[in-house]
Amino acid sequence: MSNPVLVEVRRGSVVESRHRGAVAVCDGSGRLVLSIGDVERPVFPRSAVKSIQALPFVESGAADAFGFGNREIALACSSHSGEPEHVNLAASMLERAGLDQSALECGAHWPSGQHAMIDLARSGAEPCPLHNNCSGKHSGFLCTCVHTGLDRHGYVSKDHEFQKLVRAALEDVTGAAHDVDTCGTDGCSIPTYAVPLQSLALGFARMATGEGLSPERAKAASRIFAACMAEPFLVAGTGRVDTKIMEAGKGRLFTKTGAEGVFCAAIPELGLGIALKCDDGATRAAEIMVMATLASLLPAEDPLRAALVEMANPVLKNWRGIEVGSLRPAGPVQLG
């Protein structure tokens, strides 16, 4: 099945590039509200499922035991830009658990935020694991291990008891098997499992509504979403799309990007979960796809819809600030 073109890149008035993809929208019962392209093909969600991976952190009582609130829970779900606020908060989380950056098994890389990267380079310092965009998630993992008495060493391995908890949460929420045959290794060294987009959309509808989840899990899911929507900067960073969408939504929208053109999202007030994949892995196209999909699901008169439509049609400028083209939704996600 060939997925349709969902995003066009224009230079002047001519289409220069096209991006194909698939989109699934489900409600909490599993009803497929919207299906575009092949939504049954397994995809690696990568970082898009960090909110589900954070369930043991909240359910175990670790977040409460260490006195964490919305800020720490949001960072535990983040793919942050490595800005000082992100780095310092991750360090603080570890410190409360009696740990430091040496406990992190995510590896180190330069901050993805340009200003943060330049400032770090100017200081003469080298990046450390705290600058890794996944350090918040890993700090949550480590805090959970400490609180529950699990040996923290090797916590990234698929055979570690903590990763078994994460895997069980992913299976419960999405309803999809997370098998060894579909297991890969994510950029931050933890397991990632390929599952259908339709299952991911169901999972985010369940996270938003609690439908199909135990009362304790539904409560944790609601708390995680509320934290991310309350602290969108900590989920991503300056100028990042997750931050921009959730800031615009003001508590009405949840979104989370994943590598290789994946996005998951939810509209809690409508009880809908969204999962999408840009076939060629382009983040720029996946961003347009998620904004257009969110907009299409809101009422025509809703001001938030208008804001999303504007965000989904960005102008492209060159290094001199001259307008050279645009990105726009196309085909089934094209907005009127």
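The values are calculated or read from the model by the stated rules, or taken from the named source; none is laboratory data. Not measured: the values here are computed from a predicted model. Virtual Cβ from ideal backbone geometry, glycine too; neighbours counted across all protein chains shown. These accessible areas exclude ligands, DNA and RNA; they are computed on the full protein's heavy atoms, side chains included. Shrake-Rupley method; radii C 1.70, N 1.55, O 1.52, S 1.80 Å.
Numbers at a glance
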item: Listing of helices (runs of 4 or more DSSP H) fully contained in segment 55-107 that carry 1 or more residues being touching a residue at least 24 places away in the same chain (Cβ under 8 Å) and among the polar types (S, T, N, Q); result: 70-76
item: Selection from segment 67-95 of residues that are of a type in the set (Asp, Glu) and open to solvent by less than 60 Å² (accessible area, probe 1.4 Å); result: Glu72, Glu83
item: Tally of residues being touching a Lys or Arg at 6+ places or on another chain (Cβ under 9 Å), at negative phi and surrounded by fewer than 24 Cβ atoms within 10 Å (Cβ to Cβ) across segment 235-265; result: 1
item: Candidate set: segment 304-321, residues that are free of Cβ contacts under 8 Å to residues at least 40 places away in the same chain and part of a helix (DSSP H, G or I); chosen: the one most open to solvent (accessible area, probe 1.4 Å); result: Glu310
item: Matching helices (runs of 4 or more DSSP H) fully within segment 207-259 where at least 3 residues are of a type in the set (A, V, I, L, M); result: 215-230, 241-249
item: Every residue from segment 157-195 that is among the hydrophobic types (A, V, I, L, M, F, W, C), farther than 26 Å from Thr209 by Cβ and either assigned to a strand (DSSP E or B) or over 19 Å from the mean Cα position of the chain (by Cα) (or both); result: Phe162, Val180, Cys183
item: Test: residue in segment 114-134 that is touching a residue at least 60 places away in the same chain (Cβ under 8 Å) and farther than 19 Å from Ala236 by Cβ; result: no
item: So Gly98, is it more than 18 Å from Cys134 (Cβ to Cβ) and open to solvent by less than 30 Å² (accessible area, probe 1.4 Å); result: no
